[in-house]
Amino acid sequence: MVEYDFKNDEITNIANNIIIYAVSKRASDIHFDPCEEGLKVRLRIDGVLQDHAIVPIAYQNNLTTRLKLISNMNITESRLPQDGAIKDTINGIDLDMRVSSLNTNLGEKIVIRILDYSKSTEGLESLGFTPRNLVKIRKMIEEPNGIILITGATGTGKSTTVYTMLQYLNKEDTNIITVEDPIEMNIEGINQVQVNSEIGLTFARVLRSILRQDPNIILIGEIRDTETAQIAVRASITGHLVFSTVHTNNSLSTIERLLDMNVERYLLSSALTGIVSQKLARKLCPHCRKKRPTTNYEKAVFKEILGKDVLEIEDINGHCDNCRNGYYGRIAIQEVLLITDEIRNAINNPSISREKLRELVYKSDVKTLLQDGLEKVLQGITTFEEIYKNVAIDDELDESYENVDYKKELEDVRKLPTKNDDSLDIIDEIDYKDDLDIIDDFDIQDDFIEIEPKLKQPENKEEAVDELI
């Protein structure tokens, strides 16, 4: 816990110092939680909240007022929730933050979301897609029309992914218009519209106007209701490429959600181009990770899902000066569905069962979130424990695994001594031969085979993908 000198230091400096410290530690959120002692300050780093400081109750209102003031909130209103923003330079650091206030029984709770979209300017290759998924991503976003959906829970990097796609498509001959709530990042060359429901400027109303603005590409910040979904789908079949986000977990549930929103099956089947589902998992610290034997449960999962016998995997090893709890940063685990004619026909069939639709979605070239996550475990990027927490593994296993106490198995195996060498018995073994299934569709199998050796070398992967495309 950090101690601040509230008696001798100005409250403005303390507020600035908390924010600067959070930015320096790569925090995504700062929480100011009311408690009996005053305010408990917590930072969310790599997806995990951790205590930072205590603000004495005598200074609670002063700090809350300061935060609301620099966020352009109404400092006299403490009963109703408010939203604000901070866009400023503090100690030479350019900051862009979203701020929310909420009245609780112990006082106002403030949460600051620190926005960092630097990855969106680094290109599609920086987002962690496998070569196979990257080919599908570029295929779908280069279509002249259709709707592409980025799905996942709050805080799973959907905005970063969709902004990266827009940056890729942002060219002189393309008219891109977005409707967002809020605008997360200003992009030069793109027309961005902020929704304002208080004056009736809703997603649906802006969308109707956008269609008269001669757009090539439209971004809808989020599909929240039936009207927005229906307008988005209709826009995509009239010659526009539409991007949007939906709060669903995977490709199958996304299709079902749109059907639940009363989007006509014949329209959805014609419009839908692709779905990218993602979650974020913490990355292993490269400085202190270690390898350990797999547990019985882990062996069974690798065998069942990937068809591989895995005896050892990388894991956390306490922590070091470079990390906290053995993790540093986060990586996206992804599921990319490129809609085929077979899937279109299934969506358009009102009598098709969920099981049959699931079979069609996942039988072909789609790697599920679980498969993508497990491959990143084999590469030493993240841990099996992270995949276990983020993906519903048991949904893809038979009933014999339901009563396994994985946490107990994990606790026991981490107590075992480990080898000192740095090599894994299972080398980074993404099954690139499987990629030929989708490469066939693009008539570039010969090129793929030629650069395949480069794809297996991490330092040459980006160059190889560019050659392929």
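The values are calculated or read from the model by the stated rules, or taken from the named source; none is laboratory data. Everything numeric in this text was worked out from a predicted model, so none of it was measured. Note that each Cβ is placed from the backbone with ideal geometry, even for glycine, and that neighbours are counted across all protein chains shown. The protein model used for the area step is the full one, side chains on, heavy atoms only, and it has no ligands, DNA or RNA in it. Shrake-Rupley method; radii C 1.70, N 1.55, O 1.52, S 1.80 Å.
Summarising the overall dimensions of the chain from its C-alpha atoms, the Rg and Dmax are 24.1, 72 angstrom. Rounded to the nearest 20 debye, the dipole size of region 220-315 about its Cα centre is 540 debye, using +1 on the Cβ of Lys and Arg and -1 on the Cβ of Asp and Glu. Applying a 4.7 Å Cβ-Cβ cutoff to the chain leaves C35 as cysteine residues with no disulfide-compatible partner.
Net charge of the neighbourhood of D116, taken over other residues with C-beta under 14 Å away and scored Lys/Arg +1, Asp/Glu -1, is +2. Shown in residue order for region 349-354 are the 3J(HN,Hα) couplings computed by the Karplus curve 6.51 cos²θ - 1.76 cosθ + 1.60 at θ = phi - 60°: 9, x, 9, 6, 7, 4 Hz (x for Gly and Pro). The trypsin sites (Lys or Arg not before Pro) of region 36-127 that DSSP puts in a loop, and whose beta carbon has at most 10 other beta carbons within 10 Å, are R79. The value of relative contact order for region 273-394, using C-alpha pairs under 8 Å at least six residues apart, is 35 percent. Taking Cα centre as origin and charging only the Cβ of basic (Lys, Arg, +1) and acidic (Asp, Glu, -1) residues, the dipole magnitude of region 28-173 rounds to 280 debye. For the chain, the solvent-accessible area of protein heavy atoms averages 48 Å² per residue (probe radius 1.4 Å; ligands and nucleic acids excluded). Would you mind checking which residues have amide H under 5 Å from T178's amide H? H placed 1.01 Å from N; only 5 or more apart, or other chain. Here the answer is N191, Q192, V193, L219, since their amide H atoms fall under 5 Å of that of T178.
When the P(r) is computed for region 51-177, the part past 25 Å accounts for 46% of the Cα-Cα pairs. For region 227-235, putting each phi into the Karplus relation 6.51 cos²θ - 1.76 cosθ + 1.60 with θ = phi - 60° gives couplings of 4, 5, 4, 5, 5, 4, 5, 5, 5 Hz, in residue order, rounded to whole numbers and with x for Gly and Pro. In the chain, a dipole from Cβ-located charges (positive for Lys and Arg, negative for Asp and Glu) runs towards its positive end, and of G326, F384, N103 it is N103 whose Cα lies farthest in that direction.
When the listed pairs K389/K415; K291/K389; K119/K290; K308/K407; K158/K299; K290/K415 are checked against a 24 Å cut-off, the alpha-carbon distance exceeds it for K119/K290; K158/K299. The GluC sites (Glu not before Pro) found in region 151-213 that occupy coil by DSSP, while having at most 14 further C-beta atoms within 10 Å, are E172, E188. If you roll a 1.4 angstrom probe over the protein chains with everything in place, what fraction of the accessible area of the chain belongs to carbon and sulfur, to the nearest %? Reported share for carbon and sulfur atoms: 43 percent. With the charge dipole of the chain set up from +1 on Lys and Arg Cβ and -1 on Asp and Glu Cβ about the Cα centre, the Cα lying farthest toward the positive end among the listed residues I305, I147, T294 is that of I147. Of the residues N348, Y362, L374, the one whose Cα sits farthest towards the positive end of the charge dipole of region 341-393 is N348 (charges of +1 on Lys and Arg Cβ, -1 on Asp and Glu Cβ, taken about the Cα centre). Between the alpha-carbon centres of region 360-380 and region 175-198 there is a gap of 33 Å.
Taken about its Cα centre, the chain carries a charge dipole of about 1420 debye when Lys and Arg each add +1 at the Cβ and Asp and Glu each add -1 at the Cβ. Computed 3J(HN,Hα) for region 184-195, one whole-Hz value per residue from the Karplus formula 6.51 cos²θ - 1.76 cosθ + 1.60 where θ = phi - 60°, is 7, 8, 7, 10, 5, x, 10, 8, 10, 10, 9, 5, glycine and proline marked x. The trypsin sites (Lys or Arg not before Pro) of region 173-265 that DSSP puts in a loop, and whose beta carbon has at most 15 other beta carbons within 10 Å, are R212.
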